Amino acid sequence: MFMKTHNGLFQLQYLERLGIDVWVRRQCEVTRQAPVENTAGRASVERPVQLGATAEDAADIQQQERPLTEQAEIASLNWEALRERVEQCERCSLHETRTQAVFGIGDRQAQLVLIGEAPGAQEDLRGEPFVGRAGKLLDEMLRAIDLSRETVYITNVLKSRPPNNRDPRPEEVAACEPYLRRQLELISPSLILALGRVAAQCLLKSTQSLGRLRGAWHHYGPQATLLRVTYHPAYLLRSPADKRNAWQDLKHVRQRLRDASPPMGVAP
Ligand code: URA
């Protein structure tokens with residue numbers, strides 16, 4: 001049964017536009033896998049200066065702890081201050097080559113947050129995530145589950161574009177992590193959808209392949225927010241045969257969102 005969506009199109013039409021052969025109905029086996037816990041906690045920011053330490057020792061310790069202090073500070077920022085901080089960020093060398101930082105867009109109270117890898121060329125120019133061809137497909141994917149760019153929040157692991165769209169480096173991911181963590185804290189979503197291998201591996205601190213990470217629920221961060229992994233839309237543009245698997249992922253997300261928000265008037 002295909003439902004009519006908010007703007008009048010039938011879900012069937014969206015699936016067709018996604019390039020999914022909707023007349024082929026095959027049950028996709030979802031791999032059962034124990035949920036992977038993300039054990040990354042907030043870094044402890046206070047380490048006592050030992051008695052008897054010299055002024056030089058104290059200066060050294062201060063220097064070493066600066067990044068931790070900065071992380072704690074980022075963890076306390078409100079939306080506007082956080083955006084400003086990201087726009088002016090020089091925590092890694094990517095600020096030297098970017099046009100501008102790409103903060104994120106959408107509903108700051110969204111139930112669902114989508115997280116990609118890093119801005120590409122067009123995002124770097126426009127200052128908005130997923131505005132290129134992959135972004136158009138992402139919009140279609142969202143529409144297929146009755147959502148839109150305005151009703152979710154979209155951001156990336158990295159806020160600055162890596163030159164030539166190379167993979168993010170570990171030090172860049174680490175430098176950007178406090179921003180993403182704070183965004184997620186402020187939004188407090190019910191669900192996170194990681195788009196592609198790089199986002200999934202960074203968020204879950206895993207080296208497992210996308211194939212292994214898909215098809216199971218994971219947890220992110222101190223709130224153990226539910227996290228699902230799907231293909232990156234840029235990959236789906238290159239490998240449309242996997243759109244059907246992506247549709248299975250989206251259906252799991254849609255179901256969890258429905259479970260998380262019972263219809264008006266129905267007690268939870
Ligand atoms: N790819 C991503 O991962 N993020 C974007 O914002 C654009 C392309």
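The values are calculated or read from the model by the stated rules, or taken from the named source; none is laboratory data. Computed from a predicted model, the values in this text were never measured in an experiment. Neighbour counts are summed over all protein chains in view; Cβ atoms, including those assigned to glycine, are modelled from backbone coordinates with ideal geometry. Heads up: the accessible areas ignore ligands, DNA and RNA and are worked out on the full protein's heavy atoms, side chains in. Shrake-Rupley method; radii C 1.70, N 1.55, O 1.52, S 1.80 Å.
Key figures for this structure:
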quantity	calculated
Tally of residues being assigned to a strand (DSSP E or B) and open to solvent by 40 Å² or more (accessible area, probe 1.4 Å) across the stretch 87-108	1
Residue 193 being more than 20 Å from residue 80 (Cα to Cα), open to solvent by less than 10 Å² (accessible area, probe 1.4 Å) and touching a helix residue (DSSP H, G or I) at 6+ places or on another chain (Cβ under 7 Å)	yes
Subset of the stretch 161-176 that is touching a residue at least 24 places away in the same chain (Cβ under 8 Å) and part of a helix (DSSP H, G or I) - its residue that is most open to solvent (accessible area, probe 1.4 Å)	171
Residue tally, condition surrounded by 21 or more Cβ atoms within 10 Å (Cβ to Cβ), over 22 Å from residue 179 (Cα atoms) and more than 14 Å from the ligand (Cβ to nearest atom), over the stretch 199-240	2
Qualifying position, being assigned to a loop (DSSP other than H, G, I, E, B), closer than 19 Å to residue 227 by Cα, within 11 Å of the ligand (Cβ to nearest atom) and open to solvent by less than 50 Å² (accessible area, probe 1.4 Å), among 158, 147	158
Residues of the stretch 109-131 classified as open to solvent by 10 Å² or more (accessible area, probe 1.4 Å) and small (Gly, Ala, Ser), total	4
